[in-house]
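Asks: Okay, here's the structure, questions in a sec.
The values are calculated or read from the model by the stated rules, or taken from the named source; none is laboratory data. In this text, all values refer to a predicted model and were calculated from it rather than measured experimentally. Here the Cβ positions follow ideal geometry from the backbone for every residue, glycine too, while neighbour counts run over all protein chains shown. When the accessible area is computed, the model is the full protein with side chains, heavy atoms only, and any ligands, DNA or RNA have been set aside. Shrake-Rupley method; radii C 1.70, N 1.55, O 1.52, S 1.80 Å.
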Amino acid sequence: MPTPEAGPAVPRAASADFLVDFPSGARTRVVVGPLSLLPELSQGLGVRAGLLCDARLVALHGPALRALQPAFGDLLARPVSEDRKQLVEVEAICEVLSARGLGRDGFVVAIGGGVLTDLAGLAAALYLRGVPWISVPSTLLAQVDAGLGGKTGANLRAGKNLVGAFHQPRVVLCDPSLLATLPGRERWSGLAEVVKCALLEPAMLDVCEALLDRAAAGEPDALAPLIEASLRHKARVVSADEREGGARAYLNLGHTVGHALETATGYERFTHGEAVALGLRGALELSRSLLSGSDHARALRLVQRLRVQPSTRLDPAERERALQALTRDKKAKDGRIRFVLLRALGAPELAYVSPADCIRALDAAVS
Ligand SMILES: NC(=O)c1ccc[n+]([C@@H]2O[C@H](COP(=O)([O-])OP(=O)(O)OC[C@H]3O[C@@H](n4cnc5c(N)ncnc54)[C@H](O)[C@@H]3O)[C@@H](O)[C@H]2O)c1
Ligand SMILES: [Zn+2]
């Protein structure tokens, strides 16, 4: 059998490539395709780049990342983690950019999970009062959620993402082949956000139902259409509501109970996506009982396919903490708690529900 000759790598083509325009005038080019497209996509952005990269990725995808050095200079590897997602790391990144000699005509390229892209995006917003940046998210959660929309940030002791800035990346490049090295649990976590989008965007449902298990197994051909569909959905929402004054809130479907579960279990038991998967069950239960809508059975079947690895059983203290977190939600009004509910597939609504309904949602989530 003839063996292919090892010639220069020909970049594979993008499977999706579209522009998103924001009310602020910013424009983001969204591409689902191979990392090797990055030099071409960054043309015209600036003369010198700061190539920031999640250190774990360098260990896992070293050759593909080092192949970017001729175009962008040395890889600036950052060992990041959620508990070090702090302003001190943003400052350290700015110092690295400065040491690299980045001027006003420079730009930042951020390759990594949501922690790295949030921190690097914030550094790009602050460095020299703002330089352009490219987001290359490398986890499924970051590809379908954190990459697009311009929210950047860091944590404070009092809570997550309490400091930040809106700074739209010029390009978001999502390479599904990077996801092969993600632990299966992290892929399921990202798929919870994909399923959330499918509930908000019925055109996505058939493809989501068909490809969910293959995507969870890490098959790039199954992941690419789901990433694209989720990004197109998020693009439609955030381009109409850049600063979360309206429809962007619907992207919080499943997150009210999800955040309460994360808080109650100290952010240790569940991944964010697992908490969202459970939160979606709670939101669907309330939707079924409070709204006279349809399709809830189909929605619930899809949500129940999301794998949640740890035990969902809450001990009494955890349940109490979850209820406290729910009822102390900062978006509560007159003792009623804000939920995103689903009247039907593709028809979300904001509702203010009673504490008793919150208990019902929580119990449905973890039952
Ligand atoms: N800006 C936004 O709109 C937005 C939206 C959602 C979430 N977020 C933020 O994103 C963060 C969560 O993102 P995350 O889930 O990507 O977490 P993460 O960045 O911590 O990544 C999870 C783990 O996967 C590793 N990793 C990254 N890419 C990998 C790959 N290809 N193969 C193997 N391992 C890889 C990372 O090093 C890390 O250990 C949170 O801080 C959250 O606040 C932001
Ligand atoms: Zn989320």
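Asks: Relative to the compact-globule scaling 2.2 N^0.38 Å, provide the ratio for the alpha-carbon radius of gyration of the chain.
Replies: Numbers: Rg = 20.6 Å, N = 367, 2.2 N^0.38 = 20.7 Å.
Cα-based Rg divided by the globular estimate yields 1.00.
Asks: A further question follows. Mean shadow of segment 93-211, computed from the convex hull of its alpha carbons, in nm²?
Replies: Values: hull surface 35.3 nm².
If I average the Cα hull's projected area over directions, I get 8.8 nm².
Asks: At a 1.4 Å probe radius, carbon and sulfur cover how many percent of the accessible area of segment 288-341? Provide the component values of the computation, followed by the final result.
Replies: Numbers: 1560 of 3550 Å².
Looking at segment 288-341 in its full context, I get 44 percent from C and S.
Asks: Using 10 Å bins from zero, what percent of all Cα-Cα pairs in segment 101-155 falls into each bin?
Replies: Here the calculated profile for segment 101-155 is 29, 53, 18, 1.
Asks: Taking only protein heavy atoms and a 1.4 Å probe, what accessible area per residue, in Å², does the chain have with all protein chains in place? Don't jump to the answer; show the numbers that get you there.
Replies: On the way: 16280 Å² over 367 residues.
For the chain, the solvent-accessible area averages 44 Å² per residue.
Asks: If you don't mind, another one. Which value in nm describes the separation of the simple spin-label points at GLU40 and GLU219, placed 7 Å from the Cα toward the beta carbon?
Replies: 2.7
Asks: Have a look at ASP357, ASP213, ASP315 and tell me which one the Gaussian network model of the chain (Cα, springs below 10 Å) gives the largest fluctuation.
Replies: ASP315
Asks: Find which of SER42, ALA67, VAL32 sits farthest along the positive direction of the dipole of segment 17-70, computed with +1 on the beta-carbon of Lys and Arg, -1 on that of Asp and Glu, about the Cα centre.
Replies: Value computed over the given set: ALA67.
Asks: Still on this structure, I have one more. Restricting to DSSP H runs of at least four residues, report the calculated mean residue ellipticity at 222 nm for the chain, -39500 (n - 2.57) per run over all residues, nearest 500 deg cm²/dmol. Walk me through the intermediate numbers first.
Replies: Working: 13 runs with 158 residues, N = 367.
Estimated from H runs of four or more residues: -13500 deg cm²/dmol.
Asks: At what distance in angstrom do the alpha carbon centres of segment 20-34 and segment 229-308 lie from each other?
Replies: 24
Asks: Which residues does a label at ARG12 reach in segment 189-227, if reach means a backbone N under 20 Å from a point 7 Å past the Cα toward the Cβ?
Replies: 191, 208, 211-227
Asks: Does anyone have the angle between helix 114-126 and the longest principal axis of the chain? Alpha-carbon axes, 0 to 90°, nearest 10?
Replies: Rounded to the nearest ten degrees, it is 60.
Asks: Choose one of GLY282, VAL194, THR181: the residue whose Cα lies farthest towards the positive end of the charge dipole of the chain (beta-carbon charges +1 Lys, Arg; -1 Asp, Glu; about the Cα centre).
Replies: Toward the positive end, the furthest listed residue is GLY282.
Asks: Round to the nearest 0.05 the FRET efficiency obtained for LEU60 and LYS333 when R0 = 51 Å and r is the Cβ-Cβ distance.
Replies: Working: r = 46 Å, r/R0 = 0.90.
Calculated transfer efficiency: 0.65.
Asks: Further, regarding this structure: Rg (Å, one decimal) plus Dmax (Å, integer) for the alpha carbons of segment 281-367?
Replies: Cα-based Rg and Dmax for segment 281-367 come out at 13.3, 36 Å.
Asks: How large, in Å, is segment 190-326 by the Kirkwood hydrodynamic radius built from its alpha-carbon pairs?
Replies: Details: mean 1/r = 0.0636 Å⁻¹.
About 15.7 Å, per the Kirkwood formula over Cα pairs.
Asks: While we're here: Would you mind telling me which residue in VAL80, VAL88, VAL31 has the biggest mean-square fluctuation in a Gaussian network model of the chain, where springs connect alpha carbons within a distance under 10 angstrom?
Replies: Among VAL80, VAL88, VAL31, the largest mean-square fluctuation in the Gaussian network model of the chain belongs to VAL88.
Asks: Continuing with the same structure: If I build a Gaussian network model for the chain, linking alpha-carbon pairs within less than 10 angstrom, which residue out of VAL30, VAL163, VAL303 has the largest mean-square fluctuation?
Replies: VAL163
Asks: Wrap a convex hull around the Cα atoms of segment 140-259, take a quarter of its surface area, and give that in square nanometres.
Replies: Working: hull surface 31.6 nm².
Seen from a random direction, the Cα hull of segment 140-259 projects 7.9 nm² on average.
Asks: Still on this structure, I have one more. Assign unit charges at the C-beta atoms only (+1 for Lys and Arg, -1 for Asp and Glu), then state the dipole size of segment 1-149 relative to its Cα centre in Debye, rounded to the nearest 20.
Replies: On the way: 12 positive and 14 negative charges, 44 e Å.
It works out to roughly 220 debye.
Asks: Sticking with the crude label model, points 7 Å out along Cα→Cβ, report the distance from SER81 to ALA26 in nm, one decimal please.
Replies: 3.0
Asks: Past 19 Å, Cα to Cα, is the threshold; run LYS234/LYS331; LYS151/LYS234; LYS85/LYS151 against it and keep the listed order. Don't skip to the end; give the middle numbers.
Replies: On the way: LYS234/LYS331 22 Å; LYS151/LYS234 13 Å; LYS85/LYS151 14 Å.
LYS234/LYS331, as the Cα separations exceed 19 Å there.
Asks: So how tilted is helix 205-216 from the main axis of the chain? Cα-based, degrees 0 to 90, rounded to 10.
Replies: Roughly 60 degrees, rounded to the nearest 10.
Asks: Roughly how many nanometres apart are two label points built 7 Å out from the Cα toward the Cβ at ASP105 and ALA67?
Replies: Placing both labels 7 Å along Cα→Cβ, they lie 3.0 nm apart.
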